[in-house]
Structures are given as structure tokens and as C-alpha cells.
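First up is the structure itself, then whatever we jot down about it.
What follows draws every value from the coordinates through simple rules; no lab data is involved. These numbers were taken from a predicted model, which means no experiment stands behind them. As a convention, Cβ positions derive from the backbone with ideal geometry for all residues, glycine included, and neighbour counts pool all protein chains shown.
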Amino acid sequence: PRAPASVGTAPEPCPQLAVLSKVELRVSCKHLLDRDTLNKSDPCVLLLMQTQGQWMEVDRSEVIKSNLNPVFAKIFTVDYYFEEVQKLRFEVYDSHGHAGVGTHDDDFLGGMECTVGQIVAQKRVTKPLFLKYGKFAGKSTITIISEEISGNNGYVELSFRAKKLDDKDLFSKSDPFLEIYRIDDDRSEQLVYRTEVVKNNLSPVWEPFKVSLNSLCSCEEKRKLRGVVWDYDSRGKHDFIGEFFTTFEEMQKAMGENKVQWDCMNPKYKIKKRNYKNSGVVVLLDLKIHRVYSFLDYIMGGCQIHFTVAIDFTASNGDPRNSCSLHYINPYQPNEYLKALVAVGEICQDYDSDKKFSALGFGARIPPKYEVSHDFAINFNPDNDECEGIQGVVESYQSCLPKIQLYGPTNVAPIISKVARVAADEEQTKEASQYFILLILTDGVVTDMADTREAIVRASYLPMSIIIVGVGNADFTDMQILDGDDGVLRSPKGEPVLRDIVQFVPFREFKNASPTALAKCVLAEVPKQVVEYYSYKAFPPRCPRP
């Protein structure tokens with residue numbers, strides 16, 4: 001979708017974007033502060049999201065009684081947009097029974113801020129909790145684990161019941177609930193799901209539940225899973241009834257009319273009691289599975305977004321020393337090149353683990369011989385054109401300007417081909433491990449249109465997308481040809497692109513919109529382009545990093 005052509009107003013630059021996906025966030029804490037005199041703290045987590053500069057509560061977890069190392073069963077679900085910086089804040093409070101969660105300083109156990117992008121890119125984030133004024137909350141930490149679950153996208157539905165469980169209560173029957181854990185490579189256990197409590201029943205039928213496949217078994221059908229049945233206790237001291245071990249591979253035998261069952265075993269009873277058989281039986285009544293790969297499957301599988309920026313240094317931009325120049329460095333106000341670079345780059349950096357970005361220039365005479373170059377590194381290091389973070393790109397851009405002579409023409413095919421060569425090397429791995437975004441910032445219509453069309457057609461077969469932002473007030477009508485929204489882009493010989501990989505917008509349409517509006521518009525199609533490429537290649541997502 002392209003921005004409307006109105007100028008001088010603050011338009012809604014793009015149509016309302018569809019939710020890309022929903023992300024599940026699971027929360028656990030360690031070494032929480034103890035605020036209670038007689039018992040341990042009763043923690044509860046509040047999730048807040050920043051909207052227009054204000055923190056708004058989205059949801060809160062259950063209260064876990066008397067526990068300084070809680071693993072919360074509550075799954076926070078947030079809408080996920082690749083093209084936005086979505087700021088989250090987690091706050092942990094000590095709850096006081098019927099009074100609910102207080103927000104007094106005395107009840108505050110600590111808070112932590114991050115973005116949704118950071119969580120989905122890293123999959124697991126552990127950070128210290130802070131009290132007011134940046135003070136550490138002792139050794140307290142919070143861990144957020146993200147899993148994708150969206151519509152029928154990559155999830156499994158499970159229905160469990162149990163029979164003849166041991167009775168742990170004197171005057172009534174047990175109140176059983178079931179927990180499913182995934183056993184990771186380091187032998188640690190990750191809570192996948194905790195069922196509701198069925199009161200006073202030794203043969204409970206639990207409600208069916210859905211979990212994402214990543215969450216359940218990390219892509220590995222043979223990964224060991226542990227089921228634990230407890231008798232609920234309102235003071236948090238639940239009685240252990242028994243456990244069983246299985247795998248997702250074994251669970252799948254329950255598809256259709258079949259059922260799978262396990263002995264629920266108490267290891268202590270097995271040692272002590274000679275004729276001990278089990279403490280009941282757990283039955284998987286039904287299993288339904290759906291596999292559809294999405295953008296988040298690839299990101300959570302470890303696919304990195306590699307970001308390259310290419311900047312137009314042709315003479316039509318004007319002398320950078322003149323305040324009318326598009327390249328003029330105003331100490332109080334970033335120019336349009338910097339605004340566009342930062343808006344798009346800040347989104348991409350959450351998805352690149354080394355936070356290094358290639359920064360190239362074109363259309364200038366460069367030292368030492370002052371010959372025209374159409375693909376030079378703006379840090380003047382031909383062996384390594386990468387800069388440290390978006391700030392590193394900004395600094396290289398500012399220090400490069402006095403050393404070069406703006407010239408011409410506006411040829412972008414060499415830079416598209418340069419990034420395409422790197423993407424072609426990546427394609428040889430036959431893995432969904434790196435996808436390339438090339439941001440081209442230019443003040444005019446490209447001179448080498450035929451070569452550019454040819455380069456884009458070639459690039460459409462590779463793991464890359466191209467974003468072109470037109471800076472300044474030139475007539476960009478001819479540039480719309482490159483954006484295949486109105487029809488299929490073809491090479492000069494008539495060969496069509498395999499995928500629509502180009503998004504073009506004039507920056508002037510965003511001058512009066514919020515700083516994030518440009519990023520929203522130009523990045524909105526990238527997730528679809530990533531999935532289209534890997535689907536065409538039939539590359540599944542890699543297994544998520546543990």
C-alpha cells in the first residue's frame with residue numbers, strides 16, 4: 001500500500017494495518033524481595049504497554065501465594081507489529097488477598113522495560129528488576145519467554161483427563177490440576193501449561209487447551225515432556241500426586257479415535273510400596289495439530305534481519321554547507337535523510353543480533369583519487385562497510401560529508417547488485433537464517449532505470465527486500481514503476497519479478513505525521529515478503545534457539 005499524495009496535512013499515511021500475529025508472553029521471577037513479615041511475598045505481575053507516551057495496563061497475572069521464585073501460569077497475549085517499536089513494562093507487586101494488587105511503594109517488588117521486538121528476536125529475555133529511581137531490587141530478576149500463537153497458525157490442541165488418582169485429602173477427595181513441562185537441553189524445565197483445578201474429584205476431566213508447537217516441544221517431536229498432577233492447596237503447598245514422561249511424537253498417537261495413557265507415578269511410593277502400581281492414570285483424549293509457517297516462526301527460529309542503508313550523494317542534493325541542502329547538518333534538527341534512516345533502522349535493529357549495519361553511498365567523488373563511485377562504504381573501509389548500530393551509521397554519515405564531492409548520476413543498480421551478491425551467498429546455505437533489507441534514500445528519479453529494473457528482477461529470487469524513500473520535493477512519478485503495487489515490474493527484456501519486493505514512498509508525505517508513521521508504512525509489507533520467499537524456496541523455519 002502506498003501513502004496518499006496529500007501534502008501539508010498530517011495524513012494517515014497507510015491503511016490500518018492488520019495484526020501481523022499474536023505473541024504469548026510467559027513470565028517467571030527469581031529472588032523476589034520479601035515484603036511480608038510472617039509469610040513470603042504473594043507476587044502478581046502487571047503488564048503495561050506504552051500508548052502515545054502513556055503507560056496503560058494491558059493485563060495482570062494470577063497471584064501466587066507465598067513464593068519468591070514464581071512461575072506464572074498466566075499467558076499474556078499481545079498483538080505484534082513488525083513495523084512498530086512496541087514498548088512494554090512489567091511490574092511485580094506483593095498482593096494482599098481480597099484487597100487485590102496495591103500500587104503502593106511498599107507493595108512494589110520491581111519493574112522492567114523492553115520492546116516486543118527484543119523479546120521475539122531473542123525468544124527469552126532475563127533482566128534485573130528495578131525499584132523506583134533506578135535502584136536494583138536486590139538480586140531480583142524477571143524472565144520473559146515468547147511464543148507465537150495466532151489463529152490456526154502453528155498450534156496444538158490437547159484434551160486430558162485422569163482416572164483413579166490418589167486421594168490426598170482427609171475429609172474430601174483430591175482437588176487435582178495438571179502441569180505440562182518441556183525439558184530443555186540443559187535439563188531445565190519450562191512450564192508450558194497449567195490446567196484449572198477440578199474440585200473434589202479423583203477422575204477429573206480438564207478443559208481442552210491450546211499451546212503453540214514451539215512452546216510445547218521447540219520443533220522437536222522427540223523432546224522429553226513431563227506431566228505432573230498435584231492436589232491443590234490454597235496456601236500454595238500443593239501435594240504431589242504423581243508424574244509421567246512423554247514426547248510430542250508419542251502424544252500424536254491420540255489423533256482421531258485413539259487415546260494415549262500413562263501411569264501417573266510417585267517415585268517415593270514406587271520405592272517404599274512393594275505392590276505399588278501407580279497413583280492413577282492420565283489419559284490424552286484428543287490431539288489436534290495445525291502447521292502453517294509465519295513471519296514470527298522464522299524470526300523465532302533465529303532468522304536475522306540484516307539492514308543496509310544506501311545514501312544518495314549526487315549534486316542535486318545541494319552543497320551540504322548550505323542550509324538549503326538536503327544534506328545540511330543542522331545541530332538542532334536532523335535532516336530528512338537522517339530522519340528516514342533512524343525511523344526505519346530503529347525497527348530493524350531489534351532483529352539483528354550483532355546490531356551492525358552496512359552503510360553505503362552512491363553518486364559522489366570519493367578520496368583519494370576523487371573518482372565517482374556508486375557503491376562506496378561511508379566509513380571508507382572497503383573491507384568492512386558495517387557500522388555499530390544506527391548511531392554508528394549516523395556518525396559515519398556526518399563525518400563522510402566533508403570528505404566527498406557530491407556529483408552524479410543517480411545510479412542505484414550497483415548497490416542493489418552488491419547486496420544481492422551477499423544475499424545469494426546466504427541462499428546457498430538453504431536455511432532461513434538471514435534476510436536482507438536494503439533502504440535506499442534518494443533525492444531524485446534514478447538515472448539507470450533499465451539496469452535497476454533488471455537488478456530488482458534478479459533480487460526478487462533472493463532473500464531480500466528493497467525500500468526506497470524519496471527525499472526532497474522532486475517529481476517521483478517515474479519511481480512508482482519500481483513499486484509493483486499497480487502491476488508487475490518487469491525487466492527490460494520483459495521478465496517479471498518473482499515477488500513484489502520494492503516499496504517506494506516520498507518522505508514529504510510524512511513530514512507532518514508522527515516519526516513512526518514512515519517506518520509503519522514502508523515496513524508493513526516486509527513480513528509478507530519474508531514468508532513468500534521462504535515458502536517459495538520451501539525452507540522451513542530453523543528450530544528456535546534454546
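A few comments on the model shown:
- Size of charge dipole - the chain - debye, nearest 20, with Cβ of Lys, Arg +1 and Asp, Glu -1, no other charges: 2060
- Angle between the chain longest axis and helix 336-348 axis [Cα atoms, degrees, rounded to 10]: 30
- Of all lysines in the structure, those lying under 23 Å Cα to Cα from LYS168, and not within fewer than 8 positions of it along the same chain, are LYS65, LYS199, LYS237, LYS268, LYS270, LYS272, LYS273, LYS277.
- Residues of type lysines that LYS520 reaches as a straight line, Cα spacing below 21 Å, ignoring anything fewer than 8 places off in the same chain: LYS22, LYS87, LYS339, LYS355, LYS511, LYS528
- On full extension, the segment bounded by LYS22 and ASP184 gains 55.9 nm, given 0.36 nm per residue less the C-alpha separation.
- Treating r as the C-beta distance of ILE271 and LYS127 and R0 as 56 Å, the FRET efficiency rounds to 0.85.
- Angle between the chain longest axis and helix 413-427 axis [Cα atoms, degrees, rounded to 10]: 30
- With the cut-off at under 16 Å, measuring from each backbone N in segment 195-226 to a point 7 Å along the Cα-to-Cβ line of ASP233 picks out no residue.
- Cα shape, segment 362-504, gyration tensor, a/c 1.5 rule: oblate
- Between the entries (1) -0.47, -0.85, -1.13; (2) -0.77, -1.16, -1.34; (3) -0.51, -0.90, -1.13, the label attached to log10 I(q)/I(0) by the Debye sum over Cα atoms at q = 0.07, 0.10, 0.12 Å⁻¹ calculated for this structure is (3).
- Nearest-0.05 FRET efficiency for PHE380 and ASP79, computed from C-beta distance (R0 45 Å): 0.55
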